[in-house]
Amino acid sequence: MKKIVYIPLFVFVSSCFHQEIYSCSAPKQLTIFIEIKNNKFYSTLSTTKLKTESKIHINNKMEVYATESWPYSRSVYLLNKIEKKLEITEYQRGRYQETRNYKCTKK
């Protein structure tokens with residue numbers, strides 16, 4: 001009987017530590033590694049070991065939405081988990097700068 005109690009407890013604890021890892025790349029651009037863990041969005045460029053952390057939101061299209069802000073610029077990450085695409089839009093001083101599209105594979 002005690003073992004039956006442990007199974008739901010194990011499922012609950014393992015769901016709290018659920019993580020997803022994506023490797024996103026595009027021709028002639030850097031590879032970005034995305035890790036979604038405990039409602040946090042971690043992105044790492046292939047050329048650096050610096051891991052940036054952002055809080056995630058889920059929009060109406062079931063896409064993962066995260067932003068990173070610096071004093072004069074901002075990056076918006078939009079990860080579509082169904083189509084496995086990542087779109088990064090950068091804004092410089094409040095103006096639209098550029099959009100890059102990546103194809104992702106789940107690891």
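The values are calculated or read from the model by the stated rules, or taken from the named source; none is laboratory data. Here the structure is a predicted model, which is why all the values come from computation and not from measurement. With ideal geometry, Cβ positions are generated from the backbone for all residues, glycine too; neighbour counts draw on all protein chains shown. Ligands, DNA and RNA are excluded from the accessible area calculation, which covers all protein heavy atoms including side chains. Shrake-Rupley method; radii C 1.70, N 1.55, O 1.52, S 1.80 Å.
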Lone unmet requirement of (1) within 19 Å of Glu20 (Cα to Cα); (2) open to solvent by 80 Å² or more (accessible area, probe 1.4 Å); (3) in contact (Cβ under 8 Å) with a residue 24 or more places away in the chain for Gln97: (1)
Matching residues in region 82-107 - criterion: being in a loop (DSSP other than H, G, I, E, B) and either modelled with pLDDT under 85 or of a type in the set (S, T, N, Q) (or both): Arg93, Gly94, Lys107
Every residue from region 45-61 that is surrounded by 11 or more Cβ atoms within 10 Å (Cβ to Cβ) and within 18 Å of Asn80 (Cα to Cα): Ser54, Ile56, His57, Ile58
Contacts under 6 angstrom Cβ, first residue in region 43-54 being of a type in the set (S, T, N, Q), partner assigned to a loop (DSSP other than H, G, I, E, B), 6 or more apart: Ser46/Leu30; Ser46/Thr31
Region 24-43 - residue that is within 10 Å of the chain's Cα centre (by Cα) and not hydrophobic (A, V, I, L, M, F, W, C) and, of those, most open to solvent (accessible area, probe 1.4 Å): Asn39
